[in-house]
Amino acid sequence: MSTQHEFFDALLDPARPIPAGLTTWNGSDPAVRFAVYRNNVIVSLIDALADSYPVAQELVGEEFFRAMARLYVDAEPPRSRVLAFYGTSFPDFIEHFPPAASVPYLSDVARLEMLRVRAYHAAECATLPADAIAQSLADVDQLPTSVIRFHPSVRLLRSQYAAASLWAAHQGIEDIATVDPEVAENVLVMRPHVDVEVIRVSASTADFIARLLDGATLGTAVEQANLADFDLRNTLSLLVQKQLISSITTSRGKQP
Amino acid sequence: MPTVISSALPGNGASASAPNLPARAGVGLKPEHFRQIIDTQPNLGFFEIHAENYMVDGGPFHHYLTRIRENYPLSIHGVGLSIGGETAIDVTHLNKLAALIDRYEPQSFSEHLAWSSHGDVFLNDLLPLPYDAQTLQRVCDHIDQVQTHLKRRMLLENPATYVEFAASTMAETDFINEVLHRTGCGLLLDVNNVYVSCINHHRNPYGAIDALAHQSVGEIHLAGFAQEQDGAGDTLLIDSHGSPVAQAVWQLYDYALNRIGPVATLIERDNDIPSFDVLFEEAGQAEKLLQSHTVRENAA
């Protein structure tokens with residue numbers, strides 16, 4: 001077995017003996033010094049999760065969060081040297097972590113936090129100004145076959161819980177006393193410019209945007225909308241106002 | 001057509017395009033400080049970033065770094081290449097590094113004499129190496145590969161370590177000098193690491209500074225350490241980057257400047273990050289020492 005393989009195994013599993021061949025100038029137990037490396041690896045990775053999931057940590061407290069994060073680090077150490085997105089599967093881990101079952105909304109709040117991280121680092125992309133969008137949408141014949149593409153930062157979370165309100169309460173934006181965690185919320189996450197924004201949308205608006213994000217034409221997305229509570233005009237004006245539309249093309253490939 | 005007069009570059013603009021880092025003090029760039037730096041244009045020699053933090057598609061990191069780069073020289077410091085690793089250099093990672101270097105055209109690129117990945121797992125720590133012939137060959141091969149791929153000379157940083165290896169056949173300083181000699185790379189002299197390693201392994205830090213190849217030093221790092229105890233109750237220093245530079249390290253730095261002459265010097269702080277003003281003041285201390293050592297001889 002190679003030196004580094006032995007070192008690696010001992011780093012990730014404290015139950016293993018430390019690697020052979022480590023020395024200290026004063027003959028002291030090298031295990032005490034090796035523990036510094038074990039600690040650096042585990043603590044730095046738990047810290048990386050705490051950086052990405054600050055609200056999840058506040059919801060369960062630091063001690064619980066770090067104990068849970070440690071188990072995740074053991075199960076899923078990073079496979080990338082870029083740690084910005086480390087812990088993408090942490091919300092799924094939380095969802096199936098029995099000790100967290102009493103906080104059923106924890107995994108969705110964590111999902112929202114990772115969507116914000118993704119949006120924060122998403123690629124730059126020019127978006128269409130309102131007048132260009134108006135021009136594209138003015139051609140009624142083209143509308144059903146139009147395909148709307150979004151800024152790469154646009155993400156959608158469908159939650160059975162009040163994920164956005166819980167998150168906002170922990171930013172001091174909303175009063176936690178007014179939040180009912182059991183109210184389902186649909187959340188649009190975006191970073192059209194420098195700052196990430198989080199807004200709640202109706203279920204029907206979320207359905208519509210989800211279809212567009214999947215590449216459906218405007219015609220299909222509208223046909224499938226529940227017209228009883230779907231307001232196309234409001235939804236489009238939201239997308240225009242937030243400058244989230246990067247292109248509108250038709251199936252005939254005409255650019256605006 | 002009216003004549004278009006190109007606008008004059010503000011403040012430090014002239015040096016932003018200099019070929020090398022200036023022999024001045026710089027600070028590690030932290031997202032918490034982006035806006036203040038852009039608003040106040042502090043009088044600093046350069047900024048340094050961790051390469052891996054900027055391997056993202058877009059967003060504020062690139063937005064602010066682009067603006068800061070317009071006015072300051074830049075050092076890109078890698079923490080994930082695992083140059084000492086038994087696993088082959090990750091070419092995908094190297095390509096990302098090349099793209100980042102193409103984009104920002106930094107005055108300096110540096111990495112560590114350490115390993116941080118094994119197989120496909122990234123350990124996010126700088127792990128120690130035995131100083132033997134086999135490791136020397138591997139480290140040199142990897143540095144050759146990196147310098148060839150990036151088409152530039154890199155600087156290699158001396159490590160802070162907590163254990164030594166029975167397998168080592170060379171002193172750390174001899175090992176490093178041999179790597180510098182064989183690969184032509186430069187030395188990022190981390191004075192805090194010299195101090196930490198020398199205390200941890202009962203060596204003389206001034207002797208270590210004397211022994212390293214002075215003409216290869218392209219940059220100096222200064223940082224703070226934490227103090228613990230080993231199994232015998234002796235001092236064990238931890239390279240924590242979470243506190244101000246210690247007095248003993250300032251003294252060693254002054255000694256190094258006496259021997260080497262003024263070299264671009266970074267104040268590193270990666271944990272418990274204070275306000276920008278605190279780091280700026282620490283950089284001011286380094287700047288004062290730099291200005292009192294005006295002559296540099298035998299620079300490569």
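On the stretch given as region B:57-78, residues that are crowded, with 18+ Cβ neighbours inside 10 Å, in a loop (DSSP other than H, G, I, E, B) and more than 8 Å from chain A (Cβ to nearest Cβ) total 4.
Does B:G218 qualify as being of a type outside the set (V, I, T) and buried (at least 23 other Cβ atoms within 10 Å of the Cβ)? Against the criterion (of a type outside the set (V, I, T) and buried (at least 23 other Cβ atoms within 10 Å of the Cβ)), B:G218 qualifies. When A:R111, A:R81 are checked against the criterion of being more than 14 Å from chain B (Cβ to nearest Cβ), open to solvent by less than 70 Å² (accessible area, probe 1.4 Å), free of Cβ contacts under 8 Å to residues at least 60 places away in the same chain and not hydrophobic (A, V, I, L, M, F, W, C), A:R111 stands alone in meeting it.
Can we say B:V179 is open to solvent by less than 40 Å² (accessible area, probe 1.4 Å) and under 19 Å from B:C140 (Cα atoms)? Against the criterion (open to solvent by less than 40 Å² (accessible area, probe 1.4 Å) and under 19 Å from B:C140 (Cα atoms)), B:V179 qualifies.
For region B:222-275, which strands (runs of 3 or more DSSP E) that fit wholly inside it have 3 or more residues that are open to solvent by less than 40 Å² (accessible area, probe 1.4 Å)?
Ranges flagged: B:235-238, B:265-267.
Could you tell me which of the residues A:L157, A:L227 is more than 19 Å from A:A56 (Cβ to Cβ) and either of a type in the set (A, V, I, L, M) or touching a Gly at 6+ places or on another chain (Cβ under 7 Å) (or both)?
Unique residue meeting the criteria: A:L227.
Going through region B:152-176 one residue at a time, which ones are among the polar types (S, T, N, Q), surrounded by fewer than 21 Cβ atoms within 10 Å (Cβ to Cβ) and part of a loop (DSSP other than H, G, I, E, B)? Of everything in region B:152-176, those that are among the polar types (S, T, N, Q), surrounded by fewer than 21 Cβ atoms within 10 Å (Cβ to Cβ) and part of a loop (DSSP other than H, G, I, E, B) turn out to be B:S168, B:T169.
Spot the failing condition for B:P130; the list is (1) without any contact (Cβ under 8 Å) to a residue 60 or more places away in the chain; (2) within 17 Å of A:R81 (Cβ to Cβ), and only one is missed. Looking at each condition in turn, B:P130 falls short on (2).
For region A:191-250, enumerate the residues that are closer than 15 Å to A:S146 by Cβ and among the aromatic types (F, W, Y). Hit for region A:191-250 is A:F208, nothing else. Just so you know, in region B:97-135 the residues that are within 9 Å of chain A (Cβ to nearest Cβ), small (G, A, S) and in a strand (DSSP E or B) include one that is surrounded by the most Cβ atoms within 10 Å (Cβ to Cβ), and it is B:S117. Confirm whether B:H149 is in a helix (DSSP H, G or I), facing chain A (nearest Cβ under 9 Å) and not charged (D, E, K, R). Against the criterion (in a helix (DSSP H, G or I), facing chain A (nearest Cβ under 9 Å) and not charged (D, E, K, R)), B:H149 does not qualify.
With the structure loaded, tell me whether A:T23 is away from chain B (no Cβ under 13 Å) and surrounded by fewer than 19 Cβ atoms within 10 Å (Cβ to Cβ) or whether it fails that test. Spelling it out, it is not the case that A:T23 is away from chain B (no Cβ under 13 Å) and surrounded by fewer than 19 Cβ atoms within 10 Å (Cβ to Cβ).
Scanning region A:114-142 for residues that are over 26 Å from A:M68 (Cα atoms) and open to solvent by 40 Å² or more (accessible area, probe 1.4 Å) yields a count of 12.
Every listed requirement among (1) open to solvent by less than 50 Å² (accessible area, probe 1.4 Å); (2) polar (S, T, N, Q); (3) within 16 Å of A:I245 (Cα to Cα) is met by A:N186 save one, (3).
Cβ separations smaller than 6 Å between residues 6+ apart or across chains give the following pairs from region A:1-17 residues that are within 13 Å of chain B (Cβ to nearest Cβ) to residues that are among the charged types (D, E, K, R) and outside any loop (DSSP other than H, G, I, E, B): A:L11/A:R38.
Being over 30 Å from A:G172 (Cβ atoms), under 21 Å from the mean Cα position of the chain (by Cα), among the basic types (K, R) and in the same structural domain as A:A169 (by TED's automatic domain parsing): is that true of A:R211 here? For A:R211, the condition - over 30 Å from A:G172 (Cβ atoms), under 21 Å from the mean Cα position of the chain (by Cα), among the basic types (K, R) and in the same structural domain as A:A169 (by TED's automatic domain parsing) - is met.
For region B:145-165, filtered to residues that are touching a residue at least 24 places away in the same chain (Cβ under 8 Å) and more than 19 Å from the chain's Cα centre (by Cα), the residue that is nearest to A:A48 (Cα to Cα) is B:Y162. Checked against (1) surrounded by 16 or more Cβ atoms within 10 Å (Cβ to Cβ); (2) within 7 Å of chain B (Cβ to nearest Cβ); (3) more than 29 Å from the chain's Cα centre (by Cα); (4) at negative phi, A:S44 passes all but condition (3).
The values are calculated or read from the model by the stated rules, or taken from the named source; none is laboratory data. Worth saying up front: this structure is predicted, and the values here are computed from it rather than measured. Note that each Cβ is placed from the backbone with ideal geometry, even for glycine, and that neighbours are counted across all protein chains shown. SASA here: full protein model, heavy atoms, side chains in, ligands and nucleic acids out. Shrake-Rupley method; radii C 1.70, N 1.55, O 1.52, S 1.80 Å.
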